[in-house]
Each structure stands twice: as C-alpha cells, then as structure tokens.
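The structure appears right after this line, and notes come after that.
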Amino acid sequence: MTKPFVFLLLLLTQSLPASPAEPSRTTVDSDGTVHIPAFAVPLSRYMSEQAKQMFIDEALKPKATKANNSDGIPPIAKLRAKVDDWIRPMVEKAKILHPVNIEERKIGGVRTIVVTPKAGVSAKNSKRVLINLHGGGFRVGAGLHGEAESIPVSCVAQIRVITVDYRMAPEYSFPAASEDVASVYAELLKEYRAEDIGIYGCSAGGVLTSMAVAWLQKEKLPTPGAICMFSAGAFGSFSGPPGDPNTWGGDSRYFAPPLVGESPLPLHSVSAVAGANDYIGNTDPKDPLVSPALSSTILAKFPPTLLLTGTRAYDMSAVVQTQRELTKAGVEANLHLWDGLGHAFYLFPELPESKQAYAVIADFFNSHLGISPAK
C-alpha cells in the first residue's frame with residue numbers, strides 16, 4: 001500500500017536547505033507534556049499594518065512596576081489611575097472616529113454612563129438598548145474603560161449603550177456586580193422589552209456578562225435578546241490555575257503570553273493572580289452563578305451569543321470552550337477569531353480589525369434583538 005503523503009513529506013524535507021546548526025528537538029513526556037525549544041514567531045501576515053505597529057509599540061513599552069502605598073495612596077487607587085492613563089488616549093480617538101453624546105445617569109440606583117450616537121439612534125433601534133459591562137479584572141476600568149467599549153459600538157450600531165459602573169474588588173465581592181447589573185436591567189425592563197435588550201462586555205466584563213445572565217435566571221427575570229462576550233470565557237476564576245475546571249485554561253494560557261512579549265506561565269502554576277479571585281472571594285468558583293460554562297442547565301437558557309477574540313489572546317481556549325459548551329446546550333453561539341491579535345484588541349479604535357469587530361457586533365445585535373425568545 002502506497003503512502004503518498006509520507007512520500008511527499010520526505011520529498012519536501014529533502015529539498016529544504018540545511019540548517020547551519022541542529023536545533024533542540026521538541027520532546028514529549030509520558031503524561032503528554034510537550035517541551036518546546038525556543039523559537040522565533042513572526043507577526044501574522046493576516047494582520048493589518050496598523051495592528052502590526054500597535055503590537056510593536058505596546059510590546060516595547062516599559063513594563064509597569066508594582067504599586068505600593070508608601071505615600072499613603074492605596075495600591076488599588078494607583079492601579080486604577082494607571083489604567084485610566086493608559087486607556088484615555090483610546091477613548092479620545094474613539095470620540096473623534098465615532099462622535100457620540102455621553103451623560104451620567106443613575107439607573108436602578110447604580111451609576112451608569114449613557115452613550116448615544118450624535119447622528120441619532122436608528123429607527124430600527126429606537127426601542128432597543130445595549131448594556132455594556134466594562135473590563136478590568138473586576139478591579140479597575142470604571143468610567144473610561146466602559147466608554148472605550150461603548151463609544152464605537154453605539155456609533156456603528158446606531159443604538160443607545162448604557163455602561164454600568166458595577167461594584168468591584170477589593171471593596172466588594174461576588175455577587176455585587178451581578179446584583180448591580182440586575183438592578184439596571186430590571187429598571188430598563190420598565191421601558192424596554194427583554195428581547196430588545198442586549199448585554200455585552202470585554203474581558204472581566206465578558207465574564208460578568210455570562211454571570212449576569214445566570215443571575216437573571218436566579219432572580220426569575222426574563223432572558224435578554226442577545227449577548228456578546230469579547231475576549232472572555234464563561235469561567236469565573238479566569239486568573240486561577242489553568243488546570244482548574246472553573247478558570248481560563250487550555251493551550252492559549254500557555255502559548256499566548258510569550259506571543260505578546262510576556263513571560264511564559266509556569267508549567268505547574270498553583271497560585272492565582274489578583275483580580276477575579278479577589279472578587280470571587282470565598283465563593284465556590286465552581287458555582288454556576290460564577291462559572292456558567294460548568295452548567296449545561298444554565299447555558300441552555302442563554303440567548304444567542306457572540307464570542308470574539310484573537311489567536312494570541314490568553315483567553316482564546318476558554319472562549320472556544322465556551323462556544324462548544326453553548327452549542328452543546330443547544331444555544332446559537334457564533335465565534336469570530338482575528339489572527340495575530342491579542343487580548344481585548346478592539347480597545348484600539350483605529351485598527352482595521354477593531355472596526356471589523358464593531359461591525360460584527362453591530363450586525364449581530366441588529367439581527368437578534370427584537371426576536372421573542374423561544375425559551
């Protein structure tokens with residue numbers, strides 16, 4: 001029996017130029033652990049030139065130093081200020097590219113920022129609204145991070161977006177954020193039908209989006225029309241040990257950090273990074289209200305879901321797994337991946353890839369809101 005594939009492979013390898021030095025070989029342990037020698041990875045040829053330059057600029061920036069409170073300012077306050085300084089230029093660019101009106105408003109007793117396109121809400125979306133849940137590891141991101149996520153989507157989709165200033169760690173713990181989202185949602189139900197309300201978030205906000213849908217079920221509130229999770233899987237302890245079923249694990253937790261210029265994750269990581277675990281506190285991270293992806297019963301009641309991320313994002317495996325679990329539960333779950341891009345890339349509004357992501361999000365909500373849920 002001939003083996004044309006093996007023959008072709010041998011033919012091709014024999015025609016390759018000889019390497020000046022034999023590289024270290026990849027080895028595999030008896031437990032399946034793969035040891036890969038150092039190797040160079042160029043930027044993806046599928047990335048735009050703007051995205052390539054953004055990657056280089058961000059990778060070459062000095063690494064942040066650990067905050068302390070020797071001057072009397074708590075580390076969390078310094079961290080929040082540092083994140084605001086980092087994201088402020090993105091917000092200013094977003095305002096230029098996507099003109100909007102912004103106002104603060106308390107809804108259901110919770111501080112929110114309401115974003116509407118200056119050109120006006122489209123007739124189709126006049127009775128629809130989106131809720132944004134900002135990223136920031138459940139510790140930072142209130143205000144500016146929410147604006148960075150809301151401004152482009154509001155303008156491109158021609159819809160009103162309400163970004164929620166939910167309670168965060170270390171001052172608060174689970175389920176504070178879910179309660180705040182439910183309070184805003186319940187108040188909006190006085191003005192909008194549930195099927196006309198969409199919820200979306202990036203990173204921790206994407207996790208919170210899934211937590212919120214689970215919490216709405218617990219509170220016996222109607223299911224929203226559609227949701228979007230950007231750079232996030234429906235696992236609550238996203239910064240915990242990647243081997244735990246309730247955290248973001250899989251291949252991307254290991255291969256993504258080096259691909260964006262960060263140190264590799266230790267093979268036997270046992271300690272969690274501050275952030276999600278601060279917020280979860282003493283709650284069982286396997287609780288389906290914290291990690292909805294672990295409950296097929298809760299997932300089965302999810303609305304149509306859009307998931308987006310990049311192939312160099314450490315969340316990618318968790319995003320893919322979330323899409324698999326939703327599909328298995330019978331939920332429409334659309335997955336979009338951008339090659340070469342990292343975690344939360346769409347915060348850079350000038351990138352062609354970001355503009356494409358905004359269009360995908362806008363089309364998804366425009367296509368799915370307003371349809372009465374079948375469950």
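The values are calculated or read from the model by the stated rules, or taken from the named source; none is laboratory data. Note that this is a predicted model, so its numbers are computed, not measured. In this analysis, Cβ positions are derived from the backbone assuming ideal geometry, glycine residues included, and neighbour counts consider all displayed protein chains.
Against the test of being outside any helix (DSSP H, G or I) and surrounded by 18 or more Cβ atoms within 10 Å (Cβ to Cβ), the options 261, 250 yield a single qualifying residue, 250.
Scanning segment 97-109 for residues that are under 23 Å from residue 347 (Cβ atoms) and either touching a Gly at 6+ places or on another chain (Cβ under 9 Å) or in a strand (DSSP E or B) (or both) yields 100, 101, 102, 103, 104. Please determine whether any residue of segment 301-310 is touching a Ser or Thr at 6+ places or on another chain (Cβ under 7 Å) and among the basic types (Lys, Arg). Within segment 301-310 (the criterion being touching a Ser or Thr at 6+ places or on another chain (Cβ under 7 Å) and among the basic types (Lys, Arg)), the answer is yes, since at least one residue qualifies. Within the span defined as segment 65-72, every residue fails to be within 27 Å of residue 262 (Cβ to Cβ) and acidic (Asp, Glu).
When residues of segment 213-245 are filtered for being touching a Cys at 6+ places or on another chain (Cβ under 8 Å) and surrounded by fewer than 24 Cβ atoms within 10 Å (Cβ to Cβ), how many remain?
Just the residues of segment 213-245 that are touching a Cys at 6+ places or on another chain (Cβ under 8 Å), to begin with: 230-232.
Now restrict to residues that are surrounded by fewer than 24 Cβ atoms within 10 Å (Cβ to Cβ): none.
Residues that pass the stated criteria total 0.
Taking the condition of a type in the set (S, T, N, Q) and surrounded by 22 or more Cβ atoms within 10 Å (Cβ to Cβ), does residue 210 pass?
Working: of a type in the set (S, T, N, Q): yes; surrounded by 22 or more Cβ atoms within 10 Å (Cβ to Cβ): yes.
Yes; evaluated as a whole, the condition is true for this residue.
Among residues of segment 318-333 being not β-branched (Val, Ile, Thr) and not in a helix (DSSP H, G or I), the one that is nearest to residue 233 (Cα to Cα) is 333. Being surrounded by fewer than 17 Cβ atoms within 10 Å (Cβ to Cβ), more than 17 Å from the chain's Cα centre (by Cα) and of a type outside the set (Lys, Arg) is the filter here, so list the residues in segment 325-353 that pass it. Within segment 325-353, 327, 330, 332, 350, 352 qualify. Against the numbered list (1) closer than 18 Å to residue 208 by Cα; (2) surrounded by fewer than 16 Cβ atoms within 10 Å (Cβ to Cβ); (3) not acidic (Asp, Glu), residue 288 comes up short only at (2). Residue pairs whose Cβ atoms lie under 8 Å apart, sitting 6 or more positions apart in sequence or on different chains, and linking a residue in segment 153-172 that is surrounded by fewer than 24 Cβ atoms within 10 Å (Cβ to Cβ) to a partner that is of a type in the set (Phe, Trp, Tyr) and part of a loop (DSSP other than H, G, I, E, B), are 169/138.
Residue by residue, here is whether (1) in contact with a His (Cβ under 8 Å, 6 or more places away or on another chain); (2) of a type in the set (Ser, Thr, Tyr); (3) surrounded by fewer than 18 Cβ atoms within 10 Å (Cβ to Cβ) holds:
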{"site": "112", "(1), (2), (3)": "no, yes, no"}
{"site": "121", "(1), (2), (3)": "no, no, yes"}
{"site": "130", "(1), (2), (3)": "no, no, no"}
{"site": "151", "(1), (2), (3)": "yes, no, no"}
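Selection within segment 266-279: residues that are in a loop (DSSP other than H, G, I, E, B) and under 24 Å from residue 76 (Cα atoms). The member of this set that is modelled with the highest pLDDT is 275. With respect to the conditions (1) out of contact with any Pro (no Cβ under 8 Å at 6 or more places or on another chain); (2) aliphatic (A, V, I, L, M); (3) surrounded by 10 or more Cβ atoms within 10 Å (Cβ to Cβ); (4) at pLDDT 75 or above, residue 9 falls short on a single one, namely (4).
Counting only residues that are under 17 Å from the mean Cα position of the chain (by Cα) and either within 18 Å of residue 193 (Cβ to Cβ) or not hydrophobic (A, V, I, L, M, F, W, C) (or both), which one in segment 354-363 is surrounded by the fewest Cβ atoms within 10 Å (Cβ to Cβ)? Spell out the reasoning first.
Initially, segment 354-363 is screened for residues under 17 Å from the mean Cα position of the chain (by Cα), giving 354-362.
Then drop every residue that is not either within 18 Å of residue 193 (Cβ to Cβ) or not hydrophobic (A, V, I, L, M, F, W, C) (or both), which leaves 354-356, 358.
Working: 354: 24, 355: 17, 356: 15, 358: 21.
Within segment 354-363, the match that is surrounded by the fewest Cβ atoms within 10 Å (Cβ to Cβ) is 356.
Filtered by the rule that a residue be in contact with a Phe, Trp or Tyr (Cβ under 7 Å, 6 or more places away or on another chain) and part of a loop (DSSP other than H, G, I, E, B), segment 220-241 gives 221, 233, 235, 238. Scanning segment 149-184 for residues that are closer than 27 Å to residue 349 by Cβ, part of a helix (DSSP H, G or I) and of a type outside the set (S, T, N, Q) turns up 149, 151, 152, 153, 155, 156, 157, 177, 180, 181, 184. Taking segment 185-207 as the range and being part of a helix (DSSP H, G or I), closer than 20 Å to residue 106 by Cα and of a type outside the set (Gly, Ala, Ser) as the test, the residues that pass are 185, 187, 188.
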